[in-house]
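A.B. asks: Below is one structure. I have some questions about it.
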Amino acid sequence: MTATTDVATALTERFPQVTARPSLDWPAFNVPVGQLLDVLRHLRDKCAFDLLVDVTAIDWSAAQSPRFTVVWHLLSTVRHTYVRLATDCADDANPAMPSATGLWPGANWHEREAYDMFGISFSGHPDLRRILMWDGYPYFPLRKEFPLAGLETALPDPAVAEETGAKVKPAPYMGGPFVAAAGGSMDEAEPRAKDQSWTEHQEKPV
């Protein structure tokens, strides 16, 4: 019996509303939000998926509903296989999901990152606050509408701005993704942002 069939049988017999999700690598399933924590607990306690590897999210775009999907990757250190779970957020304007910190304490930082980058709240999280951007940062950098070149944003600490001479800060990627040319000199091979608009703007003479 394959790992895919084994996990699928274990889940669908216990949770008939769980459905298979197309995947090119590991077994993947769509899970209703109301059953999420029960499914995660079942996989941990009954199917030996003992390690939470990652929690991330997808923004399908504002034109699609549901707009946000949260994705969990679990690893069984006993069976040496992964499983992927995906759950849609019901509310596009205020996306939310139950926190898995009660099952895996390591979900703490993963969920904070999803909150910081996508604006998805995790109910029951013990300390849900930004982890990469500063408190009060007004954007969610991994949402579709956030430009690759970043958005100029006032620095949160006037002392830092005074010390560096910076009044604004592009955040967080300043033109990423970054690519490098093959071959040539070290200078030519240095990774450069695909979007140079912010850099070109800053280099213009005042």
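Any read-out appearing in this document is the output of simple, stated calculations on the displayed coordinates, not a laboratory observation. Everything numeric here is computed off the predicted structure, so don't read it as measured data. When we count neighbours, we look across all protein chains shown, and the Cβ atoms used for this are built from the backbone with ideal geometry, even at glycine.
A.B. asks: Sort 17-23, 120-126 for me by packing, meaning the mean count of neighbouring Cβ atoms within 10 Å per residue, highest on top.
C.D. replies: Answer by packing, highest mean first, reads 120-126, 17-23.
A.B. asks: Shifting gears a bit: For residue 53, what residues show an amide H to amide H distance below 5 Å, using hydrogens built from the backbone and excluding near sequence neighbours?
C.D. replies: Amide H neighbours of residue 53: 73, 74, 75.
A.B. asks: Next question. Give me the Kirkwood hydrodynamic radius of the range 23-166 in Å, from all C-alpha pairs, to one decimal place?
C.D. replies: So the Kirkwood estimate lands at 16.6 Å.
A.B. asks: Taking the Cβ of residue 109 as the centre, find all other residues whose Cβ is under 12 Å away and add up their charges (Lys, Arg: +1; Asp, Glu: -1).
C.D. replies: -2
A.B. asks: Residues in the range 86-103, backbone N under 19 Å from the label point at residue 64 (7 Å along the Cα-to-beta-carbon vector): list them, ranges by number please.
C.D. replies: 86-97
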